[in-house]
Amino acid sequence: MKHLLSIEELSATAIHSLLGDALRLKATRGHHETPLTGQTWAMIFTKSSTRTRVSFEVGIRELGGFPMFLSKNDIQLGRGEPIQDTARVLGRMVHGAIIRTFAQQDVVDFANISGIPTVNALTDDEHPCQILADLLTVKELLGTWDNKKIAFIGDGFSNMTISWMWAAKRLGFTLYVACPPDYSPPASFLTKLNAPNVIITHDATLAAKDAHVINTDVWLSMGQEDQTEKELAFGPYQVNEALLTNAASGHIVLHCLPAYRGKEITDDVLEAHASTIFQQAENRLHAQKAILVALVLA
Ligand code: CP
Ligand code: NVA
């Protein structure tokens, strides 16, 4: 694996291998290999982050490397220097790059131009690191996603939903996406996805019925904060106790965080499922260490 830019471009074999490594690195934390020794990895972030930033900084250090955090305001990118020129410079100095930004194309361009291993730490199109941590959590808590029903309740065409839909395509599990009609995946995307196991519905109860995993995310993703009218469509898509009465017994609730209590999830549901949700957050560290190891050993 030369880069990790999307779930779309990962094979099922690669996903299984990364999750196996993540479990191993989790079990051996503190006394595993340090393949990043002597390396500096740039972390270019043009959006806010708690989990992704901290987990990558800690993960790079635990693997022997040095993380260099560069918010867009620290570097000339924030004053209009093109990502392509940034890539040409950093490619000559650092050993790898972790990028959180808006356009997927910027991450693709950076990867192609810099020539160094590049990781998508969230774009408007995908959040692959998060989905690997989510899958790791499902594997730990439910053993497998085979013959499980996974439901995503909320925005039908956000980075999280898109990455989950590609994960379903690659791994073959049943994924129901319940979303408002105006925030559904476009037909062109669904044609490209071509996954009969991904079912789009506007009925949150139908999606939640007998589901083993109930997953949600913010209604307004980063960059959409002023689109307050968008939230008006999402009332029926809140993950609350009433919705969960439809789910399978032993179901788990996932939220990539940050959570907005009273909007996409109620406070009582988040607190009732906090052990799962914060295990999911911790798994960012282990999954991303597996990604870094795969990239340096490629
Ligand atoms: N889930 C996630 O990516 O969190 P941060 O925005 O805090 O990194
Ligand atoms: N869809 C969210 C995910 C945050 C981790 C966003 O892009 O803001």
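Where a number appears in this text, it was derived from the coordinates with a stated rule and is not lab data. On a predicted model such as this, the values are computed, not experimentally measured, just so you know. All Cβ positions, even for glycine, are placed from backbone atoms using ideal geometry, and neighbour counts span all protein chains on display.
Could you work out the percent of alpha carbon pairs in the chain separated by over 25 Å, rounded to a whole number? Walk me through the intermediate numbers first.
Working: 20457 of 44253 pairs.
Roughly 46 percent, once rounded to a whole number.
Here the 3J(HN,Hα) profile of region 230-241, calculated from phi with Karplus coefficients 6.51, -1.76 and 1.60 at θ = phi - 60°, is 4, 4, 4, 7, 9, x, x, 10, 8, 8, 9, 4 Hz, Gly and Pro shown as x. Does region 150-199 classify as rounded, prolate or oblate by the C-alpha gyration tensor (a ≥ b ≥ c root eigenvalues; a/c under 1.5 gives rounded; else a/b over b/c gives prolate, otherwise oblate)? In terms of gyration-tensor shape, oblate.
Using a cutoff of 8 angstrom between alpha carbon atoms and counting only pairs six or more residues apart, the relative contact order for region 32-178 works out to 18 percent. Each Lys and Arg adds +1 at its Cβ and each Asp and Glu adds -1 at its Cβ; summed about the Cα centre, region 213-298 shows a dipole of about 400 debye. For Ser71, list long-range residues whose amide hydrogen, built 1.01 Å from N in the peptide plane, is under 5 Å from its own amide hydrogen. Excluding prolines and chain starts, which carry no amide H, the hits are Phe45. Given the C-alpha centroids of region 1-50 and region 72-87, what is the distance between them in whole angstrom? Value for the Cα centre distance between the two parts: 25 Å.
One chain, two ends: Glu282 and Asp210. Fully extended at 0.36 nm per residue, the span grows by 23.2 nm beyond their Cα-Cα distance. Placing a label point 7 Å from the Cα of Asn194 along the Cα-to-Cβ direction, the residues of region 156-188 with a backbone N closer than 20 Å are 162-175, 185-188. For Ile199, the residues whose modelled amide H falls within less than 5 Å of its own, excluding neighbours fewer than 5 places apart on the same chain, are Leu175, Tyr176, Val177. What's the Cα-based Rg to Rh of region 72-112, Rh via Kirkwood? Here the Rg-to-Rh quotient is 0.92. Computed about the Cα centre, the dipole magnitude for region 144-298 is approximately 740 debye when only Lys and Arg (+1) and Asp and Glu (-1) carry charge, each at its Cβ. Solvent-free Debye calculation, one equal scatterer per alpha-carbon of region 42-85: log10 I(q)/I(0) at 0.15, 0.22, 0.33 Å⁻¹ equals -0.41, -0.75, -1.12.
Farthest towards the positive end of the charge dipole of the chain, among the residues Gln224, Asn240, Ala168, is the Cα of Ala168, using unit charges on the Cβ of Lys, Arg, Asp and Glu.
Each helix, a run of at least 4 DSSP H residues, gives -39500 (n - 2.57); summed and divided by the residues of the chain, these come to -12500 deg cm²/dmol at 222 nm.
May I ask you to work out the translational diffusion coefficient for region 178-232 at 4 °C, viscosity 1.567 mPa s, via Stokes-Einstein with Rh from the Kirkwood sum over Cα pairs, reported in whole µm²/s? Intermediate values should be presented prior to the final figure.
Working: Rh = 13.2 Å.
The diffusion coefficient I find is 98 µm²/s.
The ratio of the alpha-carbon radius of gyration of region 102-212 to the globular-protein estimate 2.2 N^0.38 Å is 1.13. Among the lysines of the chain, pairs at least eight places apart or on separate chains and with Cα atoms under 13 Å apart come to 7. Here the relative contact order of the chain, from alpha carbon pairs under 8 Å that lie six or more residues apart, stands at 21 percent. Along its three principal directions, the equivalent ellipsoid of region 1-48 from the Cα gyration tensor extends over semi-axes of 21, 20, 11 Å, largest first.
The packing ranking, built from the mean of other Cβ atoms within 10 Å per residue, places the peptides 166-177, 139-150 in the order 166-177, 139-150, highest first.
So how strong a dipole does region 67-136 carry about its Cα centre when Lys and Arg Cβ are +1 and Asp and Glu Cβ are -1, to the nearest 20 debye? The partial results should precede the final answer.
Values: 5 positive and 9 negative charges, 64 e Å.
Using Cβ point charges on Lys, Arg, Asp and Glu, region 67-136 gives about 300 debye.
For region 1-97, just say rounded, prolate or oblate: build the C-alpha gyration tensor, square-root its eigenvalues into a ≥ b ≥ c, call rounded for a/c under 1.5, and beyond that prolate if a/b exceeds b/c, oblate if not. Prolate, because a/c is 1.5 or more and a/b exceeds b/c. At q = 0.15 Å⁻¹, what log₁₀ I(q)/I(0) does region 151-288 have when each alpha carbon counts as one equal point scatterer in the Debye sum? Calculated log10 I(q)/I(0) at the listed q: -0.71. Just check region 232-298 against the gyration tensor rule for me: Cα atoms, a ≥ b ≥ c as the square roots of the eigenvalues, rounded for a/c under 1.5, and otherwise prolate or oblate depending on whether a/b exceeds b/c. Prolate.
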